[in-house]
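Quick notes on the structure that follows.
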Amino acid sequence: MHSKESIQQLFQSYYGEEGVEWYFSPGRVNVIGEHIDYNGGYVMPIAINYGVSAMVKRNSGNVIRIYAHDFQEELHIQRFDKIPMSIPGSWKSYVTGMLTIMQRKGIVLDGLDMLMASDLPIGAGLSSSAALECLIGYVFAGDYYDEDRTELAKDAQQAEHEFAGVMCGIMDQFAVACGKINNAMLLDCQKISCQYIPFDLGNYRLMVINSNKPRALADSKYNERLAECRKAMELLRFFHPVSNLVDVSSLSLAYLEDDTLYARAKHVISENNRVKLACNALLDGDILTLGQLMLQSHESLDEDYEVAGDELNTLIEYAMMVKECIGARMTGAGFGGCCIALVESGAEEKFSRYLRKKYKEKTGLHCEVFAIEVCDGVGRMDVGIF
Ligand code: GLA
């Protein structure tokens, strides 16, 4: 997270005056429960202390100016009745997409100057896009969304569907909108309701490893997996009167003759089960079991769901060679991006040195390794509660 001073300084040097409101929108890490949010499953994400920071000053004119420090680009909207369309997947598309969704439901947009800067690796599977969408929603209509943060998550998801073309589930936007410090969210994606689970890892730290493997084709592959799950569900519905793939019994999987569809459905059903076990393990303070479940999750994502790939597998393999690491898995959609690992406190430096060295030797790529904390969802940072 950028400090208030540094974000203020950036605002000042761009706009030539001081900003007034300071915001932070976190990225997310999914602890376990991958590729099952769009199959009606349980997932367990956390909001993290890396994300997009912003400084804002309302202006009295009808102008929205948003400067993205990381891209050195400005989005300038002069007339609110004509929000421009942007190239799908560009940072501007998330902003204009979100503004369009808000306007469509009657939210009045006020003019403002805003500067944003991120310390979250962009496009690395830590939900930089959800962080951006929720930030925009919150800056323009914080009071409105404070009434129901789930609505913010749903609107941000809609923006992603319509304006970035990724038919994602609700997990990322929910984690960013509804995150709670020191707690994981056990999110039921059928009901879109969540239970907060104290995220106490005892003597372990959660570390992120960014593979720096570009997530090429990730969006199209994501939509492909979604289509495979829909297809499996369609076939199974004939034998099983359920509407979500996670609710199919593992015995019924035998009805799927296609090997690929069988493997995809097998992952979905087993992963949903692992989330429930992981939740119990966390509540019991049994971090060793949590680590084991993370490893099993990775194996299933690699072998049955086929979204891991060489780089992420290499990272997991090396991570598990460090004796202080008790579990690791890819996190997010996969096809590159990040892994997470449970590492004994005090061994963080040793762990990251080993991984950086071995990963570079094997792949030629540099990986970043850092410990994370669990923080609150999107919010204004410079106001007290009372
Ligand atoms: C992306 C999507 C989420 C979820 C994960 C995989 O991050 O945005 O909705 O499906 O992939 O678990």
Item checked: Positive-end extreme of charge dipole, the stretch 141-254 - chosen from Ile170, Gly142, Phe239 (charges on Cβ) -> Phe239
Checklist line | DSSP-assigned coil residues among trypsin sites (Lys or Arg not before Pro) in the stretch 257-323, each with at most 14 further Cβ atoms within 10 Å | finding: Lys323
Check: If we count every other residue with Cβ under 14 angstrom of Lys105's Cβ, Lys/Arg +1 and Asp/Glu -1, where does the sum land?
Finding: -3
Note to self: Could you give the length gained by full extension between Asn203 and His161, i.e. 0.36 nm per residue of separation minus their alpha carbon distance, to one decimal place?
What the structure shows: 11.1 nm
Margin query: Tell me the relative contact order for the stretch 196-289 as a rounded percent, counting alpha carbon contacts under 8 Å between residues six or more apart.
Written below: 36
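Lys and Arg at +1, Asp and Glu at -1: add these up for the other residues within a Cβ distance under 14 Å of Val20 and post the number. Could you put the intermediate results ahead of the total?
Numbers: positive: Lys4, Lys57, Arg58, Arg380; negative: Glu17, Glu18, Glu21, Asp110, Asp113, Asp382.
Neighbour charge sum, excluding Val20 itself: -2.
Output the peptides 243-250, 108-115 sorted from most to least packed, where packing is the average of other Cβ atoms within 10 Å over each peptide's residues.
On the way: 243-250: 16.9, 108-115: 18.4.
Per-residue Cβ counts within 10 Å, averaged per peptide and sorted highest first, yield 108-115, 243-250.
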Note to self: Using +1 at the C-beta of Lys and Arg and -1 at the C-beta of Asp and Glu, which of Ala184, Asn212, Phe199 has the Cα lying farthest in the positive direction of the dipole of the stretch 160-222?
What the structure shows: Asn212
Item checked: Net charge of Cβ neighbours under 13 Å - reference Lys357; Lys, Arg +1; Asp, Glu -1 -> +4
Check: When the distances between all Cα atoms of the stretch 179-223 are binned every 10 Å from zero, what whole-number percent does each bin get?
Finding: 19, 27, 36, 17
Next item on the list: Go through the stretch 32-96 and name the trypsin sites (Lys or Arg not before Pro) that are in a DSSP coil and have 12 or fewer other Cβ atoms within 10 Å of their Cβ.
Entry: Arg79, Lys82
Next item on the list: Report P(r) for the stretch 332-376: all Cα-Cα distances, bin width 10 Å, range 0 to the bin holding the largest distance, values in whole percent.
Entry: 22, 50, 26, 2
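Could you give the size of the charge dipole of the stretch 50-203 about its Cα centre, using +1 on the Cβ of each K and R and -1 on the Cβ of each D and E, expressed in debye and rounded to the nearest 20? Walk me through the numbers before you get to the answer.
On the way: 12 positive and 19 negative charges, 60 e Å.
Roughly 280 debye, rounded to the nearest 20.
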Next item on the list: Could you give me the radius of gyration and the Dmax of the stretch 1-75, taking only the C-alpha atoms into account and expressing both in angstrom?
Entry: 16.9, 49
Checklist line | Mean separation of Cα contacts under 8 Å (6+ apart) over length of the chain, as relative contact order % | finding: 23
Item checked: Residues Glu368 and Asn313, FRET efficiency given R0 of 25 Å [Cβ-Cβ distance, rounded to 0.05] -> 0.90
Next item on the list: For the chain, find the longest principal axis of its Cα atoms and tell me its angle to the long axis of helix 128-146, 0 to 90°, nearest 10.
Entry: 60
Notebook entry, point to check: On a 0 to 90 degree scale, rounded to 10, what angle separates helix 309-319 from the longest Cα axis of the chain?
Noted result: 80
Notebook entry, point to check: Taking the chain as a Gaussian network, where each spring joins two C-alpha atoms under 10 Å apart, which residue of Gly337, Gly16, Gly346 fluctuates the most?
Noted result: Gly16
Checklist line | Mean ellipticity per residue at 222 nm, deg cm²/dmol - from DSSP H runs of n ≥ 4 across the chain, formula -39500 (n - 2.57) | finding: -13000 deg cm²/dmol
Checklist line | Cα centroid separation - the stretch 12-83 against the stretch 107-158, whole Å | finding: 5
Notebook entry, point to check: Which Rg and Dmax, in Å, describe the Cα atoms of the chain?
Noted result: 20.9, 66
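We did not get these values from a lab; they are worked out from the coordinates using the rules stated. Because the structure is a prediction, the values reported are computed rather than measured. Heads up, the Cβs are rebuilt from the backbone with ideal geometry, glycines too, and the neighbour counts pull from every protein chain shown.
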